[in-house]
Amino acid sequence: MMKILITGGSGFLGTALTQSLKTHGVKGNTASVTWVSRSVEKEKSKNIADDVISYDDLASTDQTYDVIINLAGAGIADSRWTDARKQELFDSRLKPTQAVIDYIERMGNKPKLLISGSAVGWYGIQQENDPTALDETSPMTTTDFAHEICQAWEQLALTAQDTVTDAVTDAVPVAIVRTGVVIAPEGGMVGRLITPFKMGTGGKLGNGQQIMSWISRTDWVRAVIFIIEQNLTHTLPTQQIYNLTNPTPISNAAFTDAMGTWLHRPTVMTLPAFVVKTMFGEMSTLLLDGQRVVPTALLDKGFEFNDLTVLNALKS
């Protein structure tokens with residue numbers, strides 16, 4: 001049985017990933033999933049993971065894991081970016097990541113793979129009229145808060161490669177997953193937008209031309225498991241970057257149309273950019289700016305997407 005440890009396992013993505021791993025396993029091998037959480041009893045009561053341990057437990061356990069998936073982090077779009085909120089966004093990512101690094105460093109039997117979260121915000125803001133597709137080899141386009149938090153998160157996770165101090169043990173491979181906007185019929189961004197759209201007050205933001213790099217939650221889960229399978233069956237570099245996005249980014253206007261079609265509601269409303277900026281402050285960049293990010297690394301390894309349109313993702 002494959003043993004998998006997940007931080008942030010109780011979230012929108014971690015829960016779906018856990019359920020798939022427990023139901024389907026990895027390449028036919030059954031999987032046992034353990035969550036690391038600050039609310040052990042609460043998460044145990046959900047009966048989703050096979051086990052739930054605390055970060056104190058992680059610091060002392062001798063239990064080994066085949067794969068670690070590091071997803072912990074407060075929602076970047078959940079509230080305005082005050083100085084205190086920004087610090088919380090950093091701490092909620094970096095402290096769990098450091099706990100994982102410390103665990104790997106003291107274990108003689110290292111995991112076969114660490115998958116660590118990030119986001120397409122790493123690439124910065126791309127101008128709407130820029131047709132360039134950003135893949136895993138592309139440099140950042142601008143430096144902003146979203147880039148800074150992704151960069152810090154990635155760089156810390158990559159230090160897992162340095163936890164091997166002898167010449168015999170192989171370095172721990174680290175796969176960074178830069179996730180786009182994840183689409184599912186419930187939860188995530190759609191969960192926050194569905195009420196105004198059902199009321200007929202949903203519409204595009206600003207001019208609606210900003211690009212949204214997205215992926216269905218089903219394909220996101222499949223992609224993570226695909227990355228695990230690739231690492232178990234092939235010799236891959238110890239440092240890997242994957243864009244977890246659909247091959248076809250869309251505009252905010254196209255996303256708005258898809259929401260309206262799905263819910264059979266009109267989408268004639270427009271929220272002007274200045275109103276968005278007034279409402280959300282610096283965080284408005286998540287709504288008014290975007291990046292045209294493509295999943296070249298996944299496609300090159302043969303991954304096939306199931307949900308090719310946002311409407312399909314909404315209906316799945």
Practice item. Determine whether residue 28 is more than 30 Å from residue 276 (Cα to Cα), modelled with pLDDT under 95 and either loosely packed, with under 14 Cβ neighbours inside 10 Å or hydrophobic (A, V, I, L, M, F, W, C) (or both). Key: yes
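Identify, please: which residue in the stretch 36-54 is assigned to a helix (DSSP H, G or I) and charged (D, E, K, R) and is, among those, surrounded by the fewest Cβ atoms within 10 Å (Cβ to Cβ)?
Applying the first criterion (assigned to a helix (DSSP H, G or I)) to the stretch 36-54 yields 40-44.
From what is left, the residues that are charged (D, E, K, R) are 41-44.
Values: 41: 9, 42: 11, 43: 19, 44: 15.
If we take residues in the stretch 36-54 being assigned to a helix (DSSP H, G or I) and charged (D, E, K, R), then 41 is surrounded by the fewest Cβ atoms within 10 Å (Cβ to Cβ).
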Review point. Any residue at all in the stretch 100-108 that is at pLDDT 95 or above, more than 25 Å from residue 296 (Cβ to Cβ) and exposed (fewer than 15 other Cβ atoms within 10 Å of the Cβ)?
Key: yes
Practice item. Restrict the check to the stretch 205-218 and report whether at least one residue is without any contact (Cβ under 8 Å) to a residue 40 or more places away in the chain and not in a strand (DSSP E or B). Key: no
Practice item. Among residues belonging to the stretch 157-184 that are modelled with pLDDT of 95 or more and farther than 23 Å from residue 230 by Cα, point out the one that is most open to solvent (accessible area, probe 1.4 Å). Key: 181
Check your understanding: Based on what the data block shows, is residue 281 crowded, with 18+ Cβ neighbours inside 10 Å, modelled with pLDDT under 95 and out of contact with any Asp or Glu (no Cβ under 6 Å at 6 or more places or on another chain)?
Key -> no
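Right, residue 232: assigned to a helix (DSSP H, G or I), within 30 Å of residue 172 (Cβ to Cβ) and open to solvent by 10 Å² or more (accessible area, probe 1.4 Å) or not?
It is true that residue 232 is assigned to a helix (DSSP H, G or I), within 30 Å of residue 172 (Cβ to Cβ) and open to solvent by 10 Å² or more (accessible area, probe 1.4 Å).
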Review point. Among the listed residues 97, 132, which satisfies the condition of being open to solvent by 50 Å² or more (accessible area, probe 1.4 Å) and in contact (Cβ under 8 Å) with a residue 60 or more places away in the chain?
Key: 132
Review point. Does residue 259 satisfy the condition of being farther than 28 Å from residue 89 by Cα and surrounded by 15 or more Cβ atoms within 10 Å (Cβ to Cβ)?
Key: yes
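Residues checked against (1) farther than 18 Å from residue 288 by Cα; (2) among the hydrophobic types (A, V, I, L, M, F, W, C); (3) open to solvent by 30 Å² or more (accessible area, probe 1.4 Å):
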residue: 193; (1), (2), (3): no, yes, yes
residue: 199; (1), (2), (3): yes, yes, yes
residue: 205; (1), (2), (3): no, yes, yes
residue: 213; (1), (2), (3): no, no, no
residue: 216; (1), (2), (3): yes, no, no
Practice item. Only residues that are within 23 Å of residue 99 (Cα to Cα) and assigned to a loop (DSSP other than H, G, I, E, B): list them for the stretch 1-35, please. Key: 8, 9, 10, 11
Practice item. Name, by its number, the condition in (1) free of Cβ contacts under 8 Å to residues at least 60 places away in the same chain; (2) within 24 Å of residue 144 (Cα to Cα); (3) in a loop (DSSP other than H, G, I, E, B) that does not hold for residue 122. Key: (3)
Point to revise | Exclusive hit being closer than 21 Å to residue 289 by Cβ, in contact with an Asp or Glu (Cβ under 8 Å, 6 or more places away or on another chain) and at pLDDT 90 or above, set 122, 153 | key: 122
Review point. From the set of residues in the stretch 1-25 that are hydroxyl-bearing (Ser, Thr, Tyr) and open to solvent by less than 80 Å² (accessible area, probe 1.4 Å), which is farthest from residue 186 (Cα to Cα)?
Key: 7
Review point. Which residues, taken from the stretch 55-81, are assigned to a loop (DSSP other than H, G, I, E, B) and in contact with a Gly (Cβ under 8 Å, 6 or more places away or on another chain)?
Key: 71, 72, 73, 76, 80, 81
Review point. Do you know which residues across the stretch 57-76 are more than 19 Å from residue 175 (Cα to Cα) and open to solvent by less than 40 Å² (accessible area, probe 1.4 Å)?
Key: 58, 61, 74, 75
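The values are calculated or read from the model by the stated rules, or taken from the named source; none is laboratory data. Treat the numbers as computed from the prediction; the structure is a model and nothing was measured. Here the Cβ is made from the backbone with ideal geometry for all residues, glycine too, and neighbour counts use every protein chain on show. Side chains are part of the model used for accessible areas, which takes the heavy atoms of the whole protein and leaves out ligands, DNA and RNA. Shrake-Rupley method; radii C 1.70, N 1.55, O 1.52, S 1.80 Å.
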